[in-house]
Amino acid sequence: MGQENTSHEKEKKSTIINAVKSWLGLFTLVVLVMEGMLVLAMTLTPASDPIFILYPLMMFLLAMALMIAWLIDSKQKRKFNIDRFNAETERIKAQQTVKVDNMEISVDPEKSTTKELETGLNMFTDNMLQFSFEKPVGDGWHAPKFIKYADFVRSTYFTNLPDDQLEELITANSPYGKLFFNAKIVSVVFGEPKAIEMDENTSTESIEEYLVNMVEKFKKEGTEVSEEEIKEARVKLNQTENVSKIGFAVDFKIMAMDKNDMDTPFLDSSLPNLFLNFGSIIKETIDSLKTDDNSLLWTTKNKLKNVSLDGEPYASFSIYRLYRLLKNDDYIYFCSAQYSPQIEGAHFAWDSLKKSFESFKILK
């Protein structure tokens, strides 16, 4: 709302300045015409005529009036430019901007809340869940669809566990388990989902860096670490013994969580608490992070080593993810998007994916 007022004030001032400029042009023209008429009258009036001496004084007064008008105009323009610069500075301060690799994502928390959700052919709007976003456009994008949290877990981790067992597992592993399990998820997918297969050689850049540091530490202490021990540590750190295959798709997801599902008395729905909990579940190295009272925005960059994608081996496979947490009086929203330039055709999808992620809005 504050941003809308600023924009309205700027528009109003711009209109005033344009009106003043039009008036000043007209005033200048009138003064020049009057000066011309005075010069003509002066040439036709004998020097001995008493009125002759008044012409130069009148021309001087008109010139002074014109100069004062130009000074007022210059002052107004300077003030307008300063106000515009200050308004732009405040707008930039209000924005949250993060990077993942060389890609930039920017959201404005003030513009992310609205009193009325935007509708239109290219908008996805759910008045019951109180959010909207601009649907990704272009070849390869599927229509948005609702999925259950249990189905999301099954498709991601290739498990056949029924809903009741999944609910028990999720609530046992997180104090926010019920909140997550009952969430309504809207998913928009590009292309077809892939299966990332992992084995004992699968790792990440951060895991390999950690292993190198640990080996160096033990070496300084006089302990040699065998290749077999390194391999065992790699499997544990990557959790390959528990998960050997995960689903992946370039996509954009909204998880809307009803605050009424917060059934644990000692928990609250603060965004920092939820962020810490998501961090313990997702276990990804944060690449960039921006926060304020009403919005948390962050990105992660993952480089998987030695994996197979639908059976095709990759020595290195990059995944970039965007995350955002925000809330209103009724719901908590977890927005996520994931992208890999190595998925066929995905480089055409990035701009649309980014635009959809940045366009997300909720009701106040």
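The values are calculated or read from the model by the stated rules, or taken from the named source; none is laboratory data. Fair warning: this is a prediction, and the values are worked out from it, not measured in the lab. With ideal geometry, Cβ positions are generated from the backbone for all residues, glycine too; neighbour counts draw on all protein chains shown.
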Worksheet entry | Among residues of region 355-364, those that are more than 13 Å from TRP141 (Cβ to Cβ) and either in a helix (DSSP H, G or I) or touching a Pro at 6+ places or on another chain (Cβ under 9 Å) (or both), counted | 2
Practice prompt. Within region 194-206, count every residue that is β-branched (Val, Ile, Thr) and either over 30 Å from the mean Cα position of the chain (by Cα) or surrounded by fewer than 14 Cβ atoms within 10 Å (Cβ to Cβ) (or both).
Written response: 1
Worksheet item: Quick one: would you say GLY191 is under 26 Å from PHE124 (Cα atoms), assigned to a strand (DSSP E or B) and touching a Pro at 6+ places or on another chain (Cβ under 7 Å)?
Response: no
Item to complete: For residues that are at pLDDT 85 or above and of a type in the set (Asp, Glu), scanning just region 75-133, find the one that is nearest to ASN294 (Cα to Cα).
Response: GLU110
Discussion item. Residues that are surrounded by fewer than 19 Cβ atoms within 10 Å (Cβ to Cβ): list the helices (runs of 4 or more DSSP H) wholly contained in region 102-188 that include at least 3 such residues.
Written reply: 149-157, 163-173
Item to complete: Select from region 231-252 the residues that are part of a helix (DSSP H, G or I), touching a helix residue (DSSP H, G or I) at 6+ places or on another chain (Cβ under 7 Å) and not hydrophobic (A, V, I, L, M, F, W, C) and list them in ascending order.
Response: ARG234, ASN238
Worksheet item: Quick one: how many residues across region 273-316 are at pLDDT below 90 and touching a helix residue (DSSP H, G or I) at 6+ places or on another chain (Cβ under 6 Å)?
Response: 1
Discussion item. Can you list residue pairs whose Cβ atoms sit under 8 Å apart, with the first residue in region 57-76 being assigned by TED's automatic domain parsing to the domain that holds MET37 and among the acidic types (Asp, Glu) and the second being part of a helix (DSSP H, G or I) and surrounded by 15 or more Cβ atoms within 10 Å (Cβ to Cβ)? Count only pairs 6 or more apart in sequence or on different chains.
Written reply: ASP73/VAL20; ASP73/LEU24
Fill in: Matching residues in region 338-354 - criterion: being in a helix (DSSP H, G or I) and either of a type in the set (Lys, Arg) or surrounded by fewer than 20 Cβ atoms within 10 Å (Cβ to Cβ) (or both)
ALA346, HIS347, PHE348, TRP350, ASP351, SER352, LYS354
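Yes/no per residue for (1) hydrophobic (A, V, I, L, M, F, W, C); (2) under 12 Å from ALA256 (Cα atoms):
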residue: SER318; (1), (2): no, no
residue: LEU325; (1), (2): yes, yes
residue: ILE343; (1), (2): yes, no
residue: HIS347; (1), (2): no, no
Worksheet item: Mind checking whether some residue in region 207-228 is over 30 Å from the mean Cα position of the chain (by Cα), surrounded by 14 or more Cβ atoms within 10 Å (Cβ to Cβ), farther than 30 Å from SER112 by Cα and free of Cβ contacts under 8 Å to residues at least 12 places away in the same chain?
Response: yes
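Table: residues versus (1) assigned by TED's automatic domain parsing to the domain that holds MET128; (2) in contact with a strand residue (DSSP E or B) (Cβ under 7 Å, 6 or more places away or on another chain); (3) surrounded by 17 or more Cβ atoms within 10 Å (Cβ to Cβ).
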{"site": "LYS301", "(1), (2), (3)": "yes, yes, yes"}
{"site": "LEU309", "(1), (2), (3)": "yes, yes, yes"}
{"site": "TYR314", "(1), (2), (3)": "yes, yes, no"}
{"site": "ILE319", "(1), (2), (3)": "yes, yes, yes"}
{"site": "ASP329", "(1), (2), (3)": "yes, no, no"}
{"site": "CYS335", "(1), (2), (3)": "yes, yes, yes"}
Worksheet item: Do you know which residues across region 271-327 are under 27 Å from ASP108 (Cα atoms) and of a type in the set (Phe, Trp, Tyr)?
Response: PHE275, PHE278, TRP298, TYR320, TYR323
Discussion item. When you check LEU54 against the structure, is it surrounded by 12 or more Cβ atoms within 10 Å (Cβ to Cβ), of a type in the set (A, V, I, L, M, F, W, C), at pLDDT below 70 and not assigned by TED's automatic domain parsing to the domain that holds ILE332, yes or no?
Written reply: no
